[in-house]
Amino acid sequence: MRVIYSEDHKFRDAKTELHGGELMKPFEGPFRAEWILAAVKEQGFKDVRAPEKYDLSVPMKLHDHGYLNFLETVWERWVAAGFTTEAIPISLPVRRSYCARPPENIDGLLGYYANSVETSITEGTYKAVIAAKDCALSAADHLNAGHHFVFSLSRPPGHHAGIDLYGGYCFLNNAAIAAQRVLDHGAKKVAILDVDFHHGNGTQDVTYERDDIFFASLHGDPMDAFPYFWGHREEVGKSRGEGFNANFPMPRNTPWSVYAEALEAALKRISEHGAEALVLSLGVDTFEKDPISFFSLKTEDYLKMGAMVAGLGIPVLVVMEGGYGVPEIGYNVANVLIGLEQ
Ligand code: Q9C
Ligand code: ZN
């Protein structure tokens with residue numbers, strides 16, 4: 001298993017996250033990638049490589065071009081408006097508002113492109129976002145070159161990033177970008193399986209009307225869990241994408257025995273789709289000790305998760321999503337990789 005990793009993730013190091021009515025130290029920070037890198041190396045995954053550099057041509061196939069320009073320029077525009085703190089939106093388009101065009105004012109623009117407001121934007125954010133995208137694309141190129149398993153050990157994560165939306169610690173949809181690269185190399189059908197605790201609303205947004213990318217997400221029931229407004233079972237895709245989206249919401253304290261049944265069902269759907277390759281959006285915030293989530297998976301369960309996914313018998317590109325707070329996140333990730341290779 002090749003690991004793709006860029007030090008540039010460290011440029012995403014926000015000081016603030018709006019949480020419980022206060023600005024706190026963010027759950028998503030550089031320490032996560034450092035813990036994960038140390039654990040996967042310790043567990044024997046020593047082939048760690050830096051990504052190649054890529055332009056925005058693949059992201060431009062998935063994301064809105066105005067949104068990409070916003071990500072690139074938001075910090076300078078925020079500073080030009082006289083602000084010195086991290087950028088947080090205060091006004092968002094909601095039910096019955098007209099968001100037909102992005103406002104010119106930076107304050108309005110932040111809200112226009114946000115799907116939630118805990119994700120403060122900082123000076124270095126864009127640089128790290130670009131590096132994460134490069135990790136995903138490099139990993140895809142390794143898969144395209146014939147490697148059966150590749151791990152993009154990147155941050156910030158991507159699965160909450162929609163066509164023209166950031167939030168949930170995400171900016172560019174790294175998993176969908178990797179899937180697109182595999183399609184561009186000649187695959188006709190791929191799948192993205194999202195096992196992060198949170199519904200992959202961004203990935204669902206980006207793939208919802210497509211029949212070449214099957215998307216399945218296993219997550220905390222949106223009645224009770226972020227992102228709240230996506231992830232119900234009845235969301236099955238639209239127009240030519242109808243039938244190519246599958247959501248598996250689950251309740252509090254879901255243990256491995258229940259989770260494994262949903263995973264089995266999702267894998268069956270992916271097989272039926274005829275996917276030639278899989279992008280695994282791997283969040284380990286399903287762990288029992290995760291500080292912001294409510295499933296009850298244990299460290300050894302991640303071995304079984306990897307083995308079940310490997311049972312598909314197709315190449316797997318693992319993209320890092322969430323998993324917070326505790327050093328075990330590194331061992332949980334390593335266990336998925338070990339399980340895949342068994
Ligand atoms: N204040 C990912 O796992 N809000 N994103 C949680 C804590 C946002 C999670 C509540 C959670 C985003 C990639
Ligand atoms: Zn998550």
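Overview of results
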| quantity | calculated |
| --- | --- |
| Other-chain or far-sequence residues with amide H under 5 Å of ARG49's (modelled H) | VAL3, ILE4, TYR5 |
| Kirkwood-type radius of the range 208-302, with distances r between different C-alpha atoms, in Å | 14.1 |
| Protection proxy ranking, peptides 154-165, 127-138, 233-244, average beta carbon neighbours within 10 Å, highest first | 154-165, 127-138, 233-244 |
| For the chain, radius of gyration divided by Kirkwood radius, i.e. Rg to Rh on alpha-carbons | 0.94 |
| Relative frequency of Cα-Cα separations exceeding 25 Å in the range 56-201, percent | 31 |
| Neighbourhood net charge (15 Å Cβ-Cβ; Lys/Arg +1, Asp/Glu -1) for GLY237 | -3 |
| Sites ASP13 and ILE163 - FRET efficiency at Förster radius 30 Å, r taken between beta-carbons, to 0.05 | 0.65 |
| Antiparallel %, DSSP beta bridges [both residues in the range 109-232], to 5 | 25 |
| Centre separation in Å (Cα based) which lies between the range 217-265 and the range 46-80 | 29 |
| At most 13 other Cβ within 10 Å, DSSP loop - trypsin sites (Lys or Arg not before Pro), the range 247-286 | ARG252 |
| GluC sites (Glu not before Pro) restricted to the range 104-207 and DSSP loop, no more than 13 other C-beta within 10 Å | GLU104 |
| Extended-chain gain in nm, criterion 0.36 nm per residue less alpha-carbon gap, ALA260 and LYS127 | 44.2 nm |
| Heavy-atom surface of the chain, accessible at 1.4 Å and reported per residue (Å²) | 40 |
| Check: the chain dipole with +1 on Lys, Arg Cβ and -1 on Asp, Glu Cβ, in debye | 300 |
| Rough spin-label spacing in nm, given labels placed 7 Å along Cα→Cβ, for LYS289 and LYS268 | 3.5 |
| Fraction of alpha-carbon pairs over 19 Å apart in the range 109-161 - percent | 40 |
| Computed over the chain: relative contact order in percent, which uses C-alpha pairs under 8 Å that are six or more apart | 18 |
| Total formal charge among the other residues, if their Cβ is under 11 angstrom from that of VAL206, Lys/Arg +1 and Asp/Glu -1 | -2 |
| Surface share of carbon and sulfur [accessible, 1.4 angstrom probe, percent] for the chain | 53 |
| Debye equation applied to the C-alpha atoms of the range 1-127, log10 I(q)/I(0) at 0.10, 0.18, 0.21, 0.23 Å⁻¹ | -0.43, -1.12, -1.29, -1.38 |
| Full-stretch length increase - ILE90, LYS41 - with 0.36 nm per residue and alpha-carbon distance subtracted | 13.5 nm |
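The values are calculated or read from the model by the stated rules, or taken from the named source; none is laboratory data. All values derive from a computational prediction rather than experimental measurement. Virtual Cβ from ideal backbone geometry, glycine too; neighbours counted across all protein chains shown. Protein only, heavy atoms only, side chains kept; ligands, DNA and RNA dropped before computing areas. Shrake-Rupley method; radii C 1.70, N 1.55, O 1.52, S 1.80 Å.
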